[in-house]
1. Over the chain, what relative contact order in percent results from Cα pairs under 8 Å that are six or more residues apart?
2. Separation between the E36 and D117 pseudo-spin-labels, each 7 Å from Cα along Cα→Cβ, expressed in nm?
3. State the percent of C-alpha pairs, over all pairs in the chain, separated by a distance greater than 28 angstrom.
4. Mind giving me the nanometre distance, one decimal, between the label points for E140 and C86, set 7 Å out from Cα along Cα→Cβ?
5. Kindly work out what percent of the DSSP beta bridges joining two residues of the chain are antiparallel, to the nearest 5.
6. Based on DSSP H runs of at least 4 residues, each adding -39500 (n - 2.57), what is the mean residue ellipticity at 222 nm of the chain after dividing by all its residues, to the nearest 500 deg cm²/dmol?
7. On alpha-carbon atoms, Rg over Rh for segment 56-145 using Kirkwood Rh?
8. Looking at the chain, identify the longest residue range that excludes and avoids all chymotrypsin sites (Phe, Trp or Tyr not before Pro) in DSSP loops having at most 14 other Cβ atoms within 10 Å.
Amino acid sequence: MGVVVVSGGTNGMGRAFALARAERGDRVLILGRNRERGAALANERISFHRVDLSSVAENDRVISEILTEYPVIDALALFANRVEPCRILTEDGLERTFALYYLSRYLLSFGLRPALDRAGSPVIVNVAGVGTRTGRVHWEDPALTANYSAVTAQLQAGRANDLLGAGFARRSGSRARYVLYHPGFTRSGDRGPLPPALRGLLTVVAAVAAQPIARAVAPMHAFLDQPPAEPLTAIDRGKRLPLNLPTLDPRDADRLMDLSEELP
């Protein structure tokens, strides 16, 4: 029995994982924006912390609250993401997909480190697209001012999360093991923001080709119950990946950590 923080835990895979950990006896802290969904999940083992994870100040606030109340955290599971058909700037002047899907995970990973390092076998699981080589970090324009599309934004943040795993293992000095996990195509995610035609198409395709949410999150329990010995592990649909992939390049990881430290 431990304390598990789940970002993006009110819907989809995050919700399923949070419920499963609570059933296993963990104390689960769900981070999310939807008050109604969060309140519906709260019980004696699950607490809901309402937070806009695309905001740097909101991340800082919830990190401070958690560290005050929970001196020890055993695991951090990172799910928060949202597809944005149109480019949106956050209050910090950041492109919203990058802020939510990548930067919140950076802030939570490094910000919760003190409590993670007090645990016996701490672990961070970042659910993204490791193993995918499509897309890149647009170093010259991470806000995608001249080249925005929902796909471009998702791929950029996905590649940034790959580098976050590599950067955390190199830079943090933490005892926490970092697991990059790509479950594959899953019947999960909020398609509400998408145009109706695309939303309908994805719904049909998912019904035929996507795996159930429960199957996608099932392997994650082993990462928490028996954390890997190595500082960084990358798993793509059940396959352990070599850490010399171009998408995990240590020089790019250092570059992204430097960039992230300079962001608002």
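None of the figures in this text is laboratory data; all of them are computed from the coordinates on show. In this text the structure is predicted, and so the values were computed from the model without any measurement. For neighbour counting, all protein chains shown are included, and Cβ atoms are generated from backbone atoms with ideal geometry for every residue, glycine included.
1. Working: 496 pairs, mean separation 50.9, N = 264.
Dividing the mean separation by the residue count of the chain yields 19 percent.
2. Label at E36, label at D117, 4.3 nm between them.
3. Values: 9662 of 34716 pairs.
Counting every Cα pair in the chain, those more than 28 Å apart make up 28 percent.
4. Placing both labels 7 Å along Cα→Cβ, they lie 2.8 nm apart.
5. Details: 3 of 32 bridges.
Of the beta bridges lying entirely in the chain, close to 10 percent run antiparallel.
6. Values: 10 runs with 105 residues, N = 264.
Mean residue ellipticity, 222 nm, calculated: -12000 deg cm²/dmol.
7. Values: Rg = 14.9 Å, Rh = 14.6 Å.
Reported Rg/Rh (Cα atoms, Kirkwood Rh): 1.02.
8. On the way: sites that count: W139, F185.
That gives 1-138 as the longest site-free run.
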